[in-house]
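Worksheet for the structure shown next.
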Amino acid sequence: MRTRAFRIIGLAALLVGLAAGLGFAQAGRGVGRVGGVVLDSAGNPMEGVKVKIVFAQNDKMVFEQTTSKKGEWSFLGLGTGNWDFTAVAAGFMPQNKTLYISQLGVNPKVTVTMQKIPKGGGGGVADEASFAILEKGNQLLKDAKYDEAIVQFQDFLTKNPNLYQVQASIGDCYRAKGEFDKAMETYNKVLELAKSDTALGKEMSAKAFSGIGNCYLKQGKLPEAQNAFKQSIENSPDDEIMAYNVGEINFSNQAYDDAIKYFDMAVQIRPDWPDPYIKLGYVYLNKAETAKAIEKFEKFLTLEPDGERAALAKNILNAIKK
């Protein structure tokens, strides 16, 4: 019994060590890949959207491309860790997400929905001149010219104070510059203004808390980051990607019980998605809870019976069932 227990613990340690090695030795380079689709609010694919990802630990590690006719995009050669994702299109609010990329398996497909910038009265863009200012700000943000983008966004807000959502873009600029105090101050403005927004309040609160969480994460303040991400999920409880990403962050920091909580949340939102099941198998393996690990790996195999990950799961099951 002792020999078997040591074998299971050794296997778990090997998986954690491999993940850590892939993440830090490559400094953003690796064999990881991720892809997804960009849609408009009606669910139609958007062609020509500029998408970019930047490695959180090395802002010189940048990948960019434009979406296809089907709204699709993909990046290859990524290292393990957190990547800041941005999508920018003319006439739409910039969209930002934090993606956790793993080199050990297939990363989940990312769906981004772009929200059109309103024109006209009723709190929307007042005129074409204002609209042009916002478009210029979005372009500067895409080009990583953050100081110039901030000037444009602030000019726009002076003329259109009701469109507070642009504050989130200013927060994103400060975060990209590493000015975390200013970024969090700006995100907190969004949170305060979102309280009276019945249409987009929840969405903007989720975005602001996510931004705050990423500020803490880049500073190595894991408990504060986890708390902010938790509040982001509470405002966007149907976002299985966010729940999954928070589970990954906890798993990579060996906070196994919290990882289980968020992977389980992803499962509840989308029970036919295999990714959180295999990660739950890894987590329980690291906790030496063999029966639960077997249960999760077997569930994963019912959803994804073939491929590299399936082969790995089968090999692990063969090892821990002996």
Which of the numbered conditions does residue 247 fail, given that it passes all the others? Conditions: (1) of a type in the set (Gly, Ala, Ser); (2) under 19 Å from residue 81 (Cα atoms); (3) not in a helix (DSSP H, G or I). (3)
Here are some conditions: (1) assigned to a helix (DSSP H, G or I); (2) within 18 Å of the chain's Cα centre (by Cα). Residue 220 meets all but one. Which one does it not meet? (1)
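Listed residues 214, 227; which is surrounded by fewer than 18 Cβ atoms within 10 Å (Cβ to Cβ), part of a helix (DSSP H, G or I) and among the polar types (S, T, N, Q)?
Working: 214 fails: surrounded by fewer than 18 Cβ atoms within 10 Å (Cβ to Cβ).
The conditions single out 227.
Take residue 167 and decide whether it is surrounded by fewer than 22 Cβ atoms within 10 Å (Cβ to Cβ) and farther than 19 Å from residue 99 by Cβ.
Values: surrounded by fewer than 22 Cβ atoms within 10 Å (Cβ to Cβ): no; farther than 19 Å from residue 99 by Cβ: yes.
No; evaluated as a whole, the condition is false for this residue.
Identify the residue in the range 279-322 that is among the polar types (S, T, N, Q) and surrounded by fewer than 17 Cβ atoms within 10 Å (Cβ to Cβ) and, among all such residues, is nearest to the chain's Cα centre (by Cα).
At the first step, the residues of the range 279-322 found to be among the polar types (S, T, N, Q) are 286, 290, 302, 315, 318.
Now narrow it down to the ones that are surrounded by fewer than 17 Cβ atoms within 10 Å (Cβ to Cβ): 290, 302, 315, 318.
Values: 290: 30, 302: 26, 315: 30, 318: 33 Å.
It comes out as 302.
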Are any of the residues in the range 40-48 out of contact with any Asp or Glu (no Cβ under 8 Å at 6 or more places or on another chain), of a type in the set (A, V, I, L, M, F, W, C) and modelled with pLDDT of 80 or more? yes
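Can you tell me how many residues within the range 192-211 are part of a helix (DSSP H, G or I) and either over 16 Å from residue 169 (Cα atoms) or among the polar types (S, T, N, Q) (or both)?
So in the range 192-211, the residues part of a helix (DSSP H, G or I) come out as 192-194, 201-211.
From what's left, either over 16 Å from residue 169 (Cα atoms) or among the polar types (S, T, N, Q) (or both): 202, 205, 210.
Result for the range 192-211: 3.
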Search result, residues across the range 61-84 that are surrounded by fewer than 20 Cβ atoms within 10 Å (Cβ to Cβ) and either under 16 Å from residue 49 (Cβ atoms) or in contact with an Asp or Glu (Cβ under 7 Å, 6 or more places away or on another chain) (or both): 63, 64, 65, 66, 68, 69, 70, 72, 74
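If only one of 189, 182 is in a helix (DSSP H, G or I), surrounded by fewer than 21 Cβ atoms within 10 Å (Cβ to Cβ) and without any contact (Cβ under 8 Å) to a residue 12 or more places away in the chain, which one is it? Outline the logic, then answer.
Numbers: 189 fails: without any contact (Cβ under 8 Å) to a residue 12 or more places away in the chain.
One residue alone meets the criteria, 182.
Every residue in the range 271-322 that is basic (Lys, Arg), modelled with pLDDT of 90 or more and assigned to a helix (DSSP H, G or I), please. Can you show your working first?
Quick first cut of the range 271-322, residues basic (Lys, Arg) only: 279, 287, 292, 296, 299, 309, 314, 321-322.
Applying the additional criterion that residues be modelled with pLDDT of 90 or more yields 279, 287, 292, 296, 299, 314.
Residues satisfying the conditions are 279, 292, 296, 299, 314.
Quick grid of which residues meet (1) of a type in the set (Phe, Trp, Tyr); (2) closer than 29 Å to residue 169 by Cβ:
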| site | (1), (2) |
| --- | --- |
| 215 | no, yes |
| 224 | no, yes |
| 230 | no, yes |
| 255 | no, no |
| 260 | no, no |
| 263 | yes, no |
| 277 | yes, no |
| 290 | no, no |
| 322 | no, no |
Check 214, 245, 253 and return the single one that is of a type in the set (S, T, N, Q), out of contact with any strand residue (DSSP E or B) (no Cβ under 6 Å at 6 or more places or on another chain) and in contact (Cβ under 8 Å) with a residue 12 or more places away in the chain. 253
Could you count how many residues in the range 254-273 are surrounded by 15 or more Cβ atoms within 10 Å (Cβ to Cβ) and more than 20 Å from residue 301 (Cα to Cα)? 6
For the range 192-211: of the residues being in contact with a Gly (Cβ under 9 Å, 6 or more places away or on another chain) and surrounded by fewer than 22 Cβ atoms within 10 Å (Cβ to Cβ), which is farthest from residue 84 (Cα to Cα)? 195
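The values are calculated or read from the model by the stated rules, or taken from the named source; none is laboratory data. This is a predicted model, so every value here is computed, not measured. Because the Cβ atoms are built from the backbone with ideal geometry, glycine has one as well, and the counts that use them run over all protein chains shown.
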